[in-house]
Amino acid sequence: MSGTFLGMPAFPEAARKAVGDSTLRANLRHATHTIRDKRARAVAELDDWAALREAGKLIKDRTLRHLDTYLLQLEESVTAAGGTVHWAADAAEANRIVTELVRATGQTEVVKVKSMATQEIGLNEHLEAEGIAAYETDLAELIVQLGEDRPSHILVPAIHRNRGEIRDIFREKMGSWGRPAPEGLSDTPAELAEAARLHLREKFLRAKVGISGANFMVAETGTLVVVESEGNGRMCLTLPETLISVVGIEKVVPTWRDLEVFLQTLPRSSTAERMNPYTSTWTGTTDGDGPSAFHLVLLDNGRTDALADEVGRQALRCIRCSACLNVCPVYERAGGHAYGSVYPGPIGAILTPQLRGTASGIDASLPYASSLCGACYEVCPVAIDIPEVLVHLRERVAGEGGKGHRLERAAIEASTWVLDHPGVLAAGERLASRTRALHPRRLPGPGARQWSDHRDLPELPAEPFRDWWRKNRT
Amino acid sequence: MRVALFVTCVNDAVFPSTGVATVRLLERLGVTVDFPAAQSCCGQPQFNTGYRAQTEPLVRRTVRAFEGYEHVVTPSGSCAAMVRHHYPSFGTEAGALAPRVYELTEFLVDVLGVTDVGAYFPHRVTYHPSCHGLRLLGLGERPRRLLEAVKGLELVELPGAEECCGFGGTFAVKNPDVSAAMGADKITNALSTGAEVLCGADNSCLLHVGGMLRRQDAPLRALHLAEILASTEEEPWT
Ligand code: SF4
């Protein structure tokens, strides 16, 4: 994944900063609560929501089971429609393919449609190192790019920014990337949008190469689908002469009929819209209409590893709607950056460790970044049981016995032994109860400190329940 | 009817009053209660932290302890959820316990068919539905219906009731800052109701929220639902 997240501290440490930042907390709370309430209303409108959710899950599962077949079918139909298909095993290969394709056009700049896959592979940074400028054209991505920032949400990458901050970024940075912000720019949404429109229009009209991802790829016809709200994506998909799409292999669906399900569940889950404002579809190339050259780069980058894991593979059903982020109480307080990946929130906590492995501190801490409250599973439009996968990945991390886990295993083994010997357990409980007058309300030492920094310990009872029972009922 | 009480390890050691209240309540409703002494912990903390192998002996012990009982009643939504949702993955014998375990409010409403248990508790109460009871067991309106039938009790809505309190087992220790921030918001919401009692059906969540309340000397105490339902005019629960 993207190098920009390298060297991130583990989740708890990164989250501590966010929890202490009251502006960020207020921005996130306001944004996530607004969108989660809207989503709940949009979903409640459909009588058949449960059936759509189940259908989405089954379609994705069946497709993943036969992924090889559908990918080959897709390759065949894209090729037949005039496109060229490239296969990339990892980020490095995908970046190299895209760079070569851009080079072949003789261009040194490209416009980009908002895309998670290209962020995952760190394409912009790679292109920049190769002397090619990549311009983000989604409004929120533009804010992130101009601010030399990182995205903190899948759908609303600048969710951590407020209007004042955005105005300052536009004023200070637009000039060095192209058309500067208008004089006296205010922080009203209309003026900010107009400034972005003028800045971007210049780029659209000049661009010869567009780079995108895709929300879906329809195997039967070789059609790619991008779902967006602004229309900026459509500019990039239609104006340039060459279009390069980098798409994860799990984005394939067999037929248009299958697509129909997701075009209902995705907008309602993500933006709480009944129908999506701009749905662009293209099939290879068409003479005199749109790009004359189309390249599809199919990206693995850890996906087949996830596919090999019977429990973990359900993460590949994800349609990146962000509903799980918007309901997550941990995301709401920790913010997106703490997850150290372009995929934040509950889906990031299960996807990132599968795509990147669990060797680094941040990746090994992600499966624990959840209270297992289950709110994510409840809203997920493809019914990914995120808590189940989290526990499964915890098993993997604990089994690897990395830093801190050896001690934890010893403690867990000791607790199991005591709990499996009720005589010992009862003796311990009794001892604790008898000496309760001596117990402090706060505990010293690491581990215990985490608990008693914020909470008092309960006063222990005079006797454990089993003693009460013996005295009163036997 | 004869049932086995699965008191849970947290209640046994830290909140025996919840166990006593459950016994008193069930007996008042004409149920004979057994307490199989071989019981211990269901294994949830080990399981949720990623130690499946270490969970197994506890699963086996729990299954053995409740052998032969058609109804096993527990005053803990998360322990009931552990048995119902995760025991089947430990083999058929363990899976056979799953449908026989009832969370207290399920047992009262679904098996005994009562919502008015004859309780008296003259206080302003707000209810926090713990996540595992809410989402894994689907307890729905059961706890609220039981509380509404309590004489003298004024039930006030908890804003953001369905949001997690931030306990999450080892989550509270592994991610202390986020956990405390979640708990603080839960408490702010609970205090805004003007209630005297924050009621829940899972003492592990109340251990966390109650501990934060005590630290702040807040005019609100956390109390398990069983203790409210056990309270009567003749024998008020304190
Ligand atoms: S995991 Fe589910 S809810 Fe979360 S982004 Fe993916 S599809 Fe949406």
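Here's the yes/no breakdown for (1) within 22 Å of A:Arg29 (Cβ to Cβ); (2) outside the structural domain of A:Pro353 (by TED's automatic domain parsing); (3) surrounded by 21 or more Cβ atoms within 10 Å (Cβ to Cβ); (4) not polar (S, T, N, Q):
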{"position": "A:Ser115", "(1), (2), (3), (4)": "no, yes, yes, no"}
{"position": "A:Glu120", "(1), (2), (3), (4)": "no, yes, yes, yes"}
{"position": "A:His126", "(1), (2), (3), (4)": "no, yes, yes, yes"}
{"position": "A:Ile143", "(1), (2), (3), (4)": "yes, yes, yes, yes"}
{"position": "A:Arg150", "(1), (2), (3), (4)": "yes, yes, no, yes"}
{"position": "A:His153", "(1), (2), (3), (4)": "yes, yes, yes, yes"}
{"position": "A:Arg163", "(1), (2), (3), (4)": "yes, yes, no, yes"}
{"position": "A:Ile166", "(1), (2), (3), (4)": "yes, yes, yes, yes"}
Selection within the stretch A:353-375 - on the phi < 0 side of the Ramachandran plot, among the small types (Gly, Ala, Ser) and within 12 Å of another protein chain (Cβ to nearest Cβ): A:Ala364, A:Ser365, A:Ala369, A:Ser370, A:Ser371, A:Ala375
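If you take the residues in the stretch A:22-41 that are over 22 Å from the mean Cα position of the chain (by Cα) and in contact (Cβ under 8 Å) with a residue 24 or more places away in the chain, which one is farthest from A:Arg356 (Cα to Cα)?
Here is the first cut: in the stretch A:22-41, the ones over 22 Å from the mean Cα position of the chain (by Cα) are A:22-23, A:41.
Still in the list and also in contact (Cβ under 8 Å) with a residue 24 or more places away in the chain: A:23, A:41.
Values: A:Thr23: 31, A:Arg41: 36 Å.
Of everything passing the filter in the stretch A:22-41, A:Arg41 is farthest from A:Arg356 (Cα to Cα).
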Close pairs (8 angstrom Cβ cut-off, 6 or more residues apart or separate chains): in contact (Cβ under 8 Å) with a residue 60 or more places away in the chain and of a type in the set (Lys, Arg) in the stretch A:291-317, part of a helix (DSSP H, G or I) and within 15 Å of the ligand (Cβ to nearest atom) anywhere: A:Arg313/A:Leu64; A:Arg313/A:Ala306; A:Arg317/A:Gly56; A:Arg317/A:Lys57; A:Arg317/A:Lys60; A:Arg317/A:Asp61; A:Arg317/A:Leu64; A:Arg317/A:Glu250
Unique match (being surrounded by fewer than 20 Cβ atoms within 10 Å (Cβ to Cβ), at positive phi, touching a residue at least 24 places away in the same chain (Cβ under 8 Å) and in contact with a His (Cβ under 8 Å, 6 or more places away or on another chain)) among B:Gly152, B:Gly169: B:Gly152
Enumeration of residues in the stretch A:310-326 that are open to solvent by 10 Å² or more (accessible area, probe 1.4 Å) and either more than 16 Å from the ligand (Cβ to nearest atom) or within 14 Å of another protein chain (Cβ to nearest Cβ) (or both): A:Glu310, A:Val311, A:Cys324
Residue in the stretch B:96-117 that is open to solvent by 40 Å² or more (accessible area, probe 1.4 Å), closer than 23 Å to B:Val156 by Cβ, outside the structural domain of B:Thr8 (by TED's automatic domain parsing) and touching a residue at least 60 places away in the same chain (Cβ under 8 Å) present: no
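Residue-by-condition table, conditions (1) out of contact with any strand residue (DSSP E or B) (no Cβ under 6 Å at 6 or more places or on another chain); (2) over 30 Å from A:Ala383 (Cβ atoms); (3) among the hydroxyl-bearing types (Ser, Thr, Tyr):
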position	(1), (2), (3)
A:Leu64	yes, no, no
A:Leu74	no, no, no
A:Val78	no, no, no
A:Ala81	no, yes, no
A:Trp87	no, no, no
A:Ala91	yes, no, no
A:Asn95	yes, yes, no
A:Val102	no, yes, no
A:Gly106	yes, yes, no
Odd one out for A:Ala411 among (1) assigned to a helix (DSSP H, G or I); (2) touching a helix residue (DSSP H, G or I) at 6+ places or on another chain (Cβ under 6 Å): (2)
Within the stretch B:126-238, helices (runs of 4 or more DSSP H) holding 2 or more residues that are more than 14 Å from chain A (Cβ to nearest Cβ): B:142-148, B:176-192, B:225-230
Output for the stretch B:34-47, where each listed residue is farther than 13 Å from B:Ser78 by Cα and either more than 8 Å from every other protein chain (Cβ to nearest Cβ) or open to solvent by 30 Å² or more (accessible area, probe 1.4 Å) (or both): B:Asp34, B:Pro36, B:Ala37, B:Ala38
Test: residue in the stretch A:368-388 that is under 30 Å from B:Gln39 (Cα atoms), in the same structural domain as A:Gly20 (by TED's automatic domain parsing) and aromatic (Phe, Trp, Tyr): yes
All positions within the stretch A:350-374 that are hydrophobic (A, V, I, L, M, F, W, C) and either surrounded by fewer than 24 Cβ atoms within 10 Å (Cβ to Cβ) or more than 10 Å from the ligand (Cβ to nearest atom) (or both): A:Leu355, A:Ala359, A:Ile362, A:Ala364, A:Leu366, A:Ala369, A:Leu372, A:Cys373
A:Glu378, sole failed condition from (1) more than 12 Å from chain B (Cβ to nearest Cβ); (2) open to solvent by 10 Å² or more (accessible area, probe 1.4 Å); (3) within 12 Å of the ligand (Cβ to nearest atom): (1)
The stretch B:1-23: number of residues that are facing another protein chain (nearest Cβ under 10 Å) and more than 22 Å from B:His208 (Cα to Cα): 2
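The values are calculated or read from the model by the stated rules, or taken from the named source; none is laboratory data. Just so it is clear, the structure is predicted and the values come from calculations on it, not from any experiment. Here the Cβ is made from the backbone with ideal geometry for all residues, glycine too, and neighbour counts use every protein chain on show. What goes into the accessible areas is simple: the full protein's heavy atoms, side chains included, and nothing from ligands, DNA or RNA. Shrake-Rupley method; radii C 1.70, N 1.55, O 1.52, S 1.80 Å.
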